[in-house]
1. Scan region 164-182 for residues that are at pLDDT below 85 and not in a loop (DSSP other than H, G, I, E, B) and report the count.
2. Looking at region 58-76, which of its residues are modelled with pLDDT of 65 or more, of a type outside the set (D, E, K, R), more than 13 Å from the chain's Cα centre (by Cα) and surrounded by 15 or more Cβ atoms within 10 Å (Cβ to Cβ)?
3. Quick check on my filter: what residues within region 187-207 are hydroxyl-bearing (Ser, Thr, Tyr) and either within 9 Å of residue 158 (Cα to Cα) or free of Cβ contacts under 8 Å to residues at least 40 places away in the same chain (or both)?
4. Please indicate, with yes or no, whether at least one residue in region 112-123 is assigned to a strand (DSSP E or B), under 20 Å from residue 188 (Cβ atoms) and not aromatic (Phe, Trp, Tyr).
5. Scan region 187-196 and give yes if some residue there is modelled with pLDDT of 95 or more and polar (S, T, N, Q), otherwise no.
6. For residue 117, indicate whether it is touching a Pro at 6+ places or on another chain (Cβ under 7 Å), of a type in the set (D, E, K, R) and assigned by TED's automatic domain parsing to the domain that holds residue 184.
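The values are calculated or read from the model by the stated rules, or taken from the named source; none is laboratory data. Please read these numbers as outputs of a predicted model, since none were measured by experiment. Virtual Cβ from ideal backbone geometry, glycine too; neighbours counted across all protein chains shown.
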Amino acid sequence: MDLRSIQFAHDLKLPIQLIYSCVQLLELEVGPNARAESYLKLLERSADQLQSMVRNAMDDGLPEGGAPLRLETRDVIAEARDIVRQCDPYARERGVRLMFRSNGSEFPMAVDVEKLDRILHNLLSNALRFTPAGGRVEVAVELRGDAVDFIVTDDGCGISAERQARIFELGETDGGDGYGLAIVREYARLLGGSVRVDSRPGEGSRFTVRLPARYPAAAMERGKA
């Protein structure tokens, strides 16, 4: 990581701390209000994710071959469901119905939680941006024996076959910053998995990230390094 990037990551620490402070103050102000408390928890979780990203950037940067894995056992169904809840206020603001489903009730597995969260957030961000008001976005977790599929489906504008061929390339964009899907592909690869897209113009898109349900020994050793 270059000096400018390190400085940027360092400068994010103060505004993140201010978010935490505001959350604590608001908790005292709102009292026993279930809806307000749920929004504050989502805000605090977002700050946790930002703090983790900054800490990892400061500790490791992005060395050649990708950032090291930080594996921990986590219920990935609950993790995906929580991210959907976190994004629901944004979906409501856009007038989009956001849904979650899974063919299992829980599934603990070894995973780098930050990378999984970044994958799902990036896919959800794209889906919500390209789905018009009145549309629907669905996040699904499907258990498939030795693999787990994380699927984000929308009924938005869709993607042409020509763009699908390069959509995961760095800098490829249609109104975004050109990083999101490149990060999805890179993180899926680092987690031992893959990503694919199925889409037709005017018929929406379906992104599937398939990760191994159990990590091979090499990945586990890399995660301990």
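1. Number satisfying all stated conditions: 2.
2. Looking only at region 58-76, we keep the residues that are modelled with pLDDT of 65 or more, and these are 68-76.
Narrowing further to those that are of a type outside the set (D, E, K, R): 68-69, 71, 73, 76.
The next check asks that each one be more than 13 Å from the chain's Cα centre (by Cα); those that pass are 68-69, 71, 73.
Residues satisfying the conditions are 68, 69, 71.
3. Applying the first criterion (hydroxyl-bearing (Ser, Thr, Tyr)) to region 187-207 yields 187, 194, 199, 205.
If the condition is that a residue be hydroxyl-bearing (Ser, Thr, Tyr) and either within 9 Å of residue 158 (Cα to Cα) or free of Cβ contacts under 8 Å to residues at least 40 places away in the same chain (or both), then 194, 199, 205 are the ones that fit.
4. Narrowing region 112-123 to residues assigned to a strand (DSSP E or B): 112.
Then keep just the ones that are under 20 Å from residue 188 (Cβ atoms); that gives 112.
Next, from what is left, pick out any that are not aromatic (Phe, Trp, Tyr): 112.
Yes, the conditions are met somewhere in region 112-123.
5. Yes - at least one qualifying residue is present in region 187-196.
6. no
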